[in-house]
Amino acid sequence: MDQPNERSLHDRPVPRGGGLGILAGLAAALVFLSPLPDGLWWVVALTFAIGAVSFLGDLYHLTALARLLVQMLLAAWLVLQTGWPAQLPVPGEAWHWPALLGALFGWLLAAWMSNLYNFMDGKDGFAAGMTLIGFVTLAILGWQVGDGRFALLCLVVAAAGVFLRFNFPPAHLFMGDVGSAALGFLVAGLLLWADHRGLFPLWVGVLVFSPFVVDATVTLLRRLWNGERVWQAHRSHYYQRLVRLGWGHRRTVLWEYALMLLCGASAIGVMHAPVAMQWGILTVWTVIYGLIILGMERRECRSGQPKG
């Protein structure tokens with residue numbers, strides 16, 4: 001049971017075993033997905049390992065440091081199996097960096113995606129919606145370049161969106177760390193694998209999941225700047241602040257779905273666009289996120305709501 005705490009947006013205990021169902025469904029589907037390329041098999045296998053660690057952590061109350069160390073170890077293993085970005089993750093023929101820097105970037109990306117997905121799973125229907133929209137978008141990107149196995153695997157994961165039936169506000173079931181940490185790790189693995197195999201650039205995949213990436217990353221950097229203990233529970237993510245400003249769970253999550261759909265459509269549309277247009281779309285999204293952040297700050301000031 002997920003007991004309410006200072007970080008929670010819910011006020012009653014809620015079961016958090018939904019992640020076990022999501023991983024069980026993925027495991028059953030693997031029977032029909034065989035054979036997968038070796039790299040993809042490693043991505044899936046290590047995803048189950050992350051889920052297992054999270055489950056053990058729920059049972060035996062592993063410390064945050066112990067979980068992080070295991071996640072970093074599995075992230076390093078993932079990068080060795082999938083490969084890492086050979087160049088800066090930006091449009092065009094960017095600067096090709098040394099292999100060590102590419103491997104370090106891929107390692108940090110895998111560890112961070114697993115944790116940020118977990119951080120963003122703090123509101124009803126949020127992570128399940130991102131899973132449905134994000135993985136359908138990845139499936140379309142894979143189908144566009146003719147990789148049917150990759151597309152089918154992404155569609156199987158997107159089927160976890162059925163979880164919304166139980167998780168849409170007001171939620172009756174949470175996916176818990178088992179589901180959120182595993183899904184975030186799976187996102188990183190699929191993006192690294194697709195980039196290394198030339199299906200689509202890494203930055204396109206990051207754009208798909210940017211509603212999660214931007215919120216979690218900006219929040220972390222802001223808390224570090226303020227000297228806060230980033231490992232402690234908090235309620236300063238932008239989605240949490242919107243709920244506290246009076247938007248409520250449903251309104252907030254529906255607007256977030258719209259943002260996710262726009263990001264997915266942008267990623268699909270930008271794939272074969274000229275480099276100048278790709279930079280233009282990235283610039284537009286940077287401005288949009290900047291305006292959202294500034295708008296949030298102004299709204300909090302007017303309402304007298306303390307930031308974060």
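Right, ALA188: at pLDDT 95 or above, within 29 Å of ALA52 (Cβ to Cβ) and either surrounded by fewer than 22 Cβ atoms within 10 Å (Cβ to Cβ) or not charged (D, E, K, R) (or both) or not?
Answer is yes for this residue.
Working only within the stretch 224-241, note down all residues that are touching a residue at least 40 places away in the same chain (Cβ under 8 Å) and open to solvent by 10 Å² or more (accessible area, probe 1.4 Å).
Once the filter is applied, which keeps residues that are touching a residue at least 40 places away in the same chain (Cβ under 8 Å) and open to solvent by 10 Å² or more (accessible area, probe 1.4 Å), the stretch 224-241 yields TRP231, ALA233, HIS234, ARG235, TYR238.
Could you tell me which residue of the stretch 32-77 is surrounded by the most Cβ atoms within 10 Å (Cβ to Cβ), considering only residues that are out of contact with any helix residue (DSSP H, G or I) (no Cβ under 8 Å at 6 or more places or on another chain) and hydroxyl-bearing (Ser, Thr, Tyr)?
So the residue we want is THR63.
Name the residues in the stretch 12-31 that are over 18 Å from the mean Cα position of the chain (by Cα), surrounded by 15 or more Cβ atoms within 10 Å (Cβ to Cβ) and farther than 12 Å from GLY176 by Cα, would you?
Answer for the stretch 12-31, where residues must be over 18 Å from the mean Cα position of the chain (by Cα), surrounded by 15 or more Cβ atoms within 10 Å (Cβ to Cβ) and farther than 12 Å from GLY176 by Cα: GLY25, ALA29, LEU30.
Working only within the stretch 78-100, note down all residues that are open to solvent by 30 Å² or more (accessible area, probe 1.4 Å) and either assigned to a loop (DSSP other than H, G, I, E, B) or within 22 Å of ASP2 (Cβ to Cβ) (or both).
Within the stretch 78-100, TRP84, ALA86, LEU88, PRO89, VAL90, GLU93, TRP95, TRP97, PRO98 meet the criteria.
Of the conditions (1) surrounded by fewer than 23 Cβ atoms within 10 Å (Cβ to Cβ); (2) in a loop (DSSP other than H, G, I, E, B); (3) touching a residue at least 24 places away in the same chain (Cβ under 8 Å), ALA103 fails just one. Which one is it?
(2)
Read through the list (1) surrounded by fewer than 18 Cβ atoms within 10 Å (Cβ to Cβ); (2) farther than 19 Å from LEU202 by Cα, then give the number of the only condition that ALA160 fails.
ALA160 satisfies every listed condition except (1).
Looking at (1) exposed (fewer than 15 other Cβ atoms within 10 Å of the Cβ); (2) closer than 25 Å to GLY129 by Cα, which is the one condition that is false for TRP247?
Checking TRP247 against (1) exposed (fewer than 15 other Cβ atoms within 10 Å of the Cβ); (2) closer than 25 Å to GLY129 by Cα, the one that fails is (1).
Identify, by number, the condition in (1) farther than 27 Å from HIS61 by Cα; (2) surrounded by fewer than 24 Cβ atoms within 10 Å (Cβ to Cβ) that PHE166 doesn't meet.
Among (1) farther than 27 Å from HIS61 by Cα; (2) surrounded by fewer than 24 Cβ atoms within 10 Å (Cβ to Cβ), the lone unmet condition for PHE166 is (1).
Can ASP177 be described as open to solvent by 10 Å² or more (accessible area, probe 1.4 Å), over 21 Å from GLY106 (Cβ atoms) and among the acidic types (Asp, Glu)?
The answer is yes for ASP177.
It is to be established whether one or more residues within the stretch 113-136 are assigned to a helix (DSSP H, G or I), open to solvent by 10 Å² or more (accessible area, probe 1.4 Å), more than 30 Å from PHE32 (Cβ to Cβ) and of a type in the set (A, V, I, L, M, F, W, C).
Yes: one or more hits.
Counting residues that are more than 27 Å from VAL79 (Cβ to Cβ), which helices (runs of 4 or more DSSP H) fully inside the stretch 192-303 reach at least 2?
210-225, 238-242, 248-270, 275-303
Taking GLY248 and the conditions (1) over 17 Å from the mean Cα position of the chain (by Cα); (2) within 28 Å of GLY148 (Cβ to Cβ), which numbered condition does it fall short on, given that it satisfies the others?
Against the list (1) over 17 Å from the mean Cα position of the chain (by Cα); (2) within 28 Å of GLY148 (Cβ to Cβ), GLY248 comes up short only on (2).
The values are calculated or read from the model by the stated rules, or taken from the named source; none is laboratory data. All values reported here derive from a predicted model rather than from experimental measurement. Note: ideal-geometry Cβ built from the backbone for every residue, glycine included; neighbour counts use all protein chains shown. Heads up: the accessible areas ignore ligands, DNA and RNA and are worked out on the full protein's heavy atoms, side chains in. Shrake-Rupley method; radii C 1.70, N 1.55, O 1.52, S 1.80 Å.
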